[in-house]
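The values are calculated or read from the model by the stated rules, or taken from the named source; none is laboratory data. Predicted model only: the values in this text are computed from it and were never measured. Heads up, the Cβs are rebuilt from the backbone with ideal geometry, glycines too, and the neighbour counts pull from every protein chain shown.
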Amino acid sequence: MSPAFRTESPTQRVIHLLLLGVMALALVGYVVGLRQGRPAREAEAPAVVHARPHPTAIPATSWAEFDRREDGPNRDWPPSLAEMQQPALDWEAEPVRTEEGRRAVLAARAARRAFDGAPPTVPHPIDQMSASSCVACHAEGRWIGQEVWAPMMSHPHLPSCTQCHVPAEPTEFEPLLPPANSFVGLAAPMGGSRAWEGAPPTVPHTLFMRNNCLACHGPTAPEAIRTAHPLRVNCLQCHAPSAALDPWWRGVDVRDDFMSATWP
Amino acid sequence: MNARALDRREFIRRSALTAAGAVIAARGESVGAVSLPLLQGSGGDEVVWDKAPCRFCGTGCHVQVGVQDGRVVAIAGDPLAEVNRGLLCVKGYHVGKILYGADRLTTPMLRRGDGHVPITWDEAIDLIARRIHAAPDRFAMYGSGQWTIGEGCAANKFMKAGLGSNHIDGNPRLCMSSAVTGFLSCYGVDEPAGCYDDLDACNVLIMWGNNPAEMHPVLFSRVIDRRARGEEILLIDIGTRRTRTTDHCQEYLEFRPQTDLAIANGIAHQLLKNGSWDTDFVSKHCNFRQLDPEQPANMYGKPMTFDEYAAALEPYTPEYVQSLSGVPAEKIRMLGDLFGDRSRRITSLWCMGMNQHTRGTAINCLVHSIHLLSGHFGRPGDAPTSLTGQPSACGTVREVGTLSHLLPGGRTVANEAHRRDCEDLWNVPQGRIKAAPGYHTVLMFEKFCTPSDAGGDIDTLWVQVTNPGQTLPNLHKLFNRKADLEGKFLIVSEVYPTATTRLADLILPSAMWVEKNGMYGNSERRTQQWFKMVQPPGEARDDCWQTIAVAHRLHELGHEGMKGNDGEFIFTIRDERGQIVPIWQWERYYDVNVDRHLFEEYRRFTRYKNKDLAPYDEYVRARGLRWPVVEQPGGTWRETRFRFAGFDDPYVTGGAEIQFYHSVTKDDRALVWFRPYEDPPEMPDAEYPFWLDTGRVLEHWHTGTMTGRISELRRAMPRAYVELHPDDARDLGVQRGDVVRIESRRGHIDLPVWINGRGSPARGQVFVPFFDETRLINEVTLDAHDPFSRQPDYKKCAVRVKRVPPDGQTR
């Protein structure tokens, strides 16, 4: 028996076939890889990304995160407007409106104003150079997480936000003690009057620069000052404003002039 | 504006006329008779509203002031006011709080050793009068663009027609006087021809070294609100520092300090080179002008031909302007093309950038000149318009003439006919008014801070309604030195302790804003009036009363100057029955409306240069009126929006389209000036390598004595800082919040660094706001000033910047 013609065992044949397959696969892979022109080094990248940073390394700030860097104006807010979950609004829920609740709302409101009618201060850091970032959240109003509602602008036609609204706290430097001042501001009205139980209440404040009732009384408002019927949008159809509260008419004796004026 | 809105406005106008009668009657005042204002709003819970111009800047917004129980409780923008149409800025909304700072000055205080002790008003008035009486020539008065018109009238008459002294000057010398010399040089008469209506009509707005988003926010909003409504307006910021204004502009042209003159010349060069200058306008309405090298002090220079003008501009090619200014040549061409396009409506705005400039008169002249040369003048929206920083820099100082060389209504002390005229109108003897101009601001304080026996011939100085201890340049030289001098006496009328009262020998507590009657005149020639609404605190009294009381005490001491031609006291006011009202007694001061009487006297001075003012009662009814206000055949009074323009200005004659009726050359033509670029007196060098620029911020008004007492403003902007370019900060090894020392040849202060904060200066420049009384940047600034306007340059000097380690020692 010649040893030169030993037939392959079934096991060896399988191995050879496998090796052939691997070679063919490698060839196909090489050709495909060449055609795609992708450098082999690319495959190493994930390993670098997932490498554990050295404990003392300071992570670099990417451009995308520049506004939210530790000292940036939006450091406390979630990463992008699109990612902010906006809760579904219930447009038909009946709000529970109590006098106590209203007092709480007015107190919170007064804490950010020098007097009723003063522009509210801003309770968060701002971009010092540009007003465009204000509009991102305040144009239509937006929930920041579950707790904080960034209110809707009630005068969206005025684009220079920082002209009137300044941060309540200095954000760039150490705060100083507030200066002593004995000014006592005008308090906000508790509510409009009703001709009788069930009549629509009148508007207890000026409408000047308050173009959008829903900005303060819409479905996102605190319950105590929220309308029960936000889908009825022609508010002034039922709720009468008062010329006496309107700065347009101050200095004009409204009552007498309506009696005596001759229209052109 | 739609028809309905017009109807509404017309209705309100008509209503206001009838209502005004009721308002006046409620104050116990009858139109046309001696007035008797009463306080209002003292009963019960009701809020009573009245109108007043805002206390702060020169925009002249009207606010509605809500008074309850004798105190101001609320402020609203006044929608009836054409200036602001109901909108204010954050300062204006909080203006009511300025009255109620806990440290209001409430009693006269005299220096005793290192401190002050209370004295009575009688003692204070007597002390001042005796000091003046002993040496009237060594007394000077330093006032303010925050003086009401009445206060300015009283002080000016007291000094020039009473004491026969021209040593009275006002702080607009530090902020507006280059605009004045610019208007005089080009048109022969002060103040803008256009008005804020131009902001509604322009489609190109060029801001020259100007940051209205922070300094005149309501005017800036007037333009960008138009854009929010869909109108197309090209906003161009020509500046040395990125600001909030820049953020709204399509074009930001950053130039090296002082080279605004090169840019303006570059525009003129382009207009000539492209043949796009307005040959028709120039041939009809302009002459060419240059300084006369043989008479360099003559602001009006000498004529030049068009060919000479063109030859002088020849070097200012876009490439040469780029090499001087750093502004790319194509941007200079862009500006040239804009001005060369008559279909555009171009308004230029400027304020301190062009005025606080050692070549302030020159750059003012050049900006007027490119508007004239290109014909962008006299149509709504085509206007070179300077803005003012103070509420009555125009009304009280430029118009009443409370500067050392001026008399009321645009007259000058150097002109004999003007002096005679004013002596007649004031009813004082001929020769009373001195011909030589008094000391301008810088010189006045230099004399006051020089020993009396070494040429310092001002010994007693009375400061009203301003804070020179913080605002003068080079404070060590011009103010702080007073502390070590014998025989110098500083009187300060103030409402709060300030950097100035610190060195005062006598402090007089003053009433402020709606604690007194007043009138202001804003940037657009608009004269505004308000009534006293609340009582001043403690013993505080009107500045105007203080001046009149001192004048009367001098009268009692026998000073002849306090008598007029009729032998009566120069501030004699009679009631309806012809009885003299002793207004020098405080308790009788409000028996009449002194403001009204002073205004009616002053009004007679205003016709000479066609700056006509209406009777006082017209201003009671209006939200301000823009002069000239001319009586119409029906007895009504009509204001003027566009001066020198035939379609609007009643003083343009013969149907002319444009008539410069106060022309320097007496031929109804304005002057187109050539003024070359020249280096500033101090530039960065190896030792002091940085430019220092100073200015304001939105929240604080000037020295912060009022806004610093409003928590909403103080907390938003608590203290001064220095802005650095990020690369400069890196080279200096400093980060935000680190403290650096800013040091010039004159002084130094330490400030925290703010990088990419409110503004962003160019490389090699630093910016510091001047509102902070605990960190006086003016101890560092330069007192070099423009040779014609005498206005110092707060915008450019050389400093070095060093990191201050936490131990406080600079390396």
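If the condition is being within 14 Å of chain B (Cβ to nearest Cβ), touching a Phe, Trp or Tyr at 6+ places or on another chain (Cβ under 8 Å) and crowded, with 18+ Cβ neighbours inside 10 Å, then region A:181-231 contributes A:Asn181, A:Phe183, A:Gly185, A:Leu186, A:Phe208.
Test A:Pro178 against the criterion of being within 12 Å of another protein chain (Cβ to nearest Cβ) and either surrounded by 13 or more Cβ atoms within 10 Å (Cβ to Cβ) or farther than 22 Å from A:Ala221 by Cβ (or both), and give yes or no. Spelling it out, A:Pro178 is indeed within 12 Å of another protein chain (Cβ to nearest Cβ) and either surrounded by 13 or more Cβ atoms within 10 Å (Cβ to Cβ) or farther than 22 Å from A:Ala221 by Cβ (or both). For region A:149-167, the set of residues classified as more than 10 Å from chain B (Cβ to nearest Cβ) and more than 30 Å from B:Asp69 (Cβ to Cβ) consists of A:Trp149, A:Ala150, A:Pro151, A:Met152, A:Met153, A:Cys161, listed by residue number. Reported count of residues in region B:718-732, each being without any contact (Cβ under 8 Å) to a residue 40 or more places away in the chain and either at the interface with another protein chain (Cβ under 10 Å from one of its Cβ atoms) or of a type in the set (Ser, Thr, Tyr) (or both), is 1.
Total residues in region B:177-228 satisfying the condition of being within 26 Å of B:Val400 (Cβ to Cβ) and β-branched (Val, Ile, Thr): the figure is 4. Test A:Gln146 against the criterion of being surrounded by 15 or more Cβ atoms within 10 Å (Cβ to Cβ) and either within 27 Å of B:Asp225 (Cβ to Cβ) or away from chain B (no Cβ under 13 Å) (or both), and give yes or no. Answer is no for this residue. For region B:41-52, the criterion of being under 20 Å from B:Thr388 (Cβ atoms), more than 8 Å from chain A (Cβ to nearest Cβ) and either in contact with a Leu (Cβ under 7 Å, 6 or more places away or on another chain) or at pLDDT 95 or above (or both) is met by at least one residue. Looking at region B:324-427, the helices (runs of 4 or more DSSP H) lying wholly inside it that each contain 3 or more residues that are of a type outside the set (D, E, K, R) and out of contact with any helix residue (DSSP H, G or I) (no Cβ under 6 Å at 6 or more places or on another chain) sit at B:360-373, B:416-426. Of all residues in region A:229-264, those satisfying the criterion of being over 20 Å from A:Trp91 (Cα atoms), in a helix (DSSP H, G or I) and at pLDDT 50 or above are A:Ala243, A:Ala244, A:Leu245, A:Pro247, A:Trp248, A:Trp249.
Looking only at region B:302-322, which residues are out of contact with any strand residue (DSSP E or B) (no Cβ under 8 Å at 6 or more places or on another chain) and part of a helix (DSSP H, G or I)? Those that are out of contact with any strand residue (DSSP E or B) (no Cβ under 8 Å at 6 or more places or on another chain) and part of a helix (DSSP H, G or I): B:Asp307, B:Ala310, B:Ala311, B:Leu313, B:Pro318, B:Glu319, B:Tyr320, B:Val321, B:Gln322.
Within region A:98-136, the residues that satisfy the criterion of being over 26 Å from B:Lys97 (Cβ atoms), within 12 Å of chain B (Cβ to nearest Cβ) and not aliphatic (A, V, I, L, M) are A:Asp127, A:Ser130, A:Ser132, A:Ser133. How many of the residues making up region B:735-791 are part of a strand (DSSP E or B) and without any contact (Cβ under 8 Å) to a residue 60 or more places away in the chain? Final tally of qualifying residues: 10.
In a residue-by-residue description of region B:733-753, the property of being surrounded by fewer than 19 Cβ atoms within 10 Å (Cβ to Cβ), modelled with pLDDT under 95, at the interface with chain A (Cβ under 10 Å from one of its Cβ atoms) and in contact with a Lys or Arg (Cβ under 9 Å, 6 or more places away or on another chain) applies to no position. Checking the stated criteria, B:Glu779 turns out not to satisfy the condition of being touching a His at 6+ places or on another chain (Cβ under 7 Å) and at the interface with chain A (Cβ under 10 Å from one of its Cβ atoms). From the list A:Pro170, A:Pro95, A:Pro78, the lone residue that is surrounded by 15 or more Cβ atoms within 10 Å (Cβ to Cβ) and either modelled with pLDDT under 90 or within 12 Å of chain B (Cβ to nearest Cβ) (or both) is A:Pro170.
When you look at B:Glu712, is it acidic (Asp, Glu) and facing chain A (nearest Cβ under 10 Å), yes or no? Answer is yes for this residue. Of the residues B:Arg714, B:Arg709, which is free of Cβ contacts under 8 Å to residues at least 24 places away in the same chain, out of contact with any Phe, Trp or Tyr (no Cβ under 6 Å at 6 or more places or on another chain) and either farther than 23 Å from B:Val780 by Cβ or assigned by TED's automatic domain parsing to the domain that holds B:Met354 (or both)? From the options B:Arg714, B:Arg709, the qualifying one is B:Arg714. Of all residues in region B:59-97, those that are at the interface with another protein chain (Cβ under 9 Å from one of its Cβ atoms) and of a type in the set (Val, Ile, Thr) total 4.
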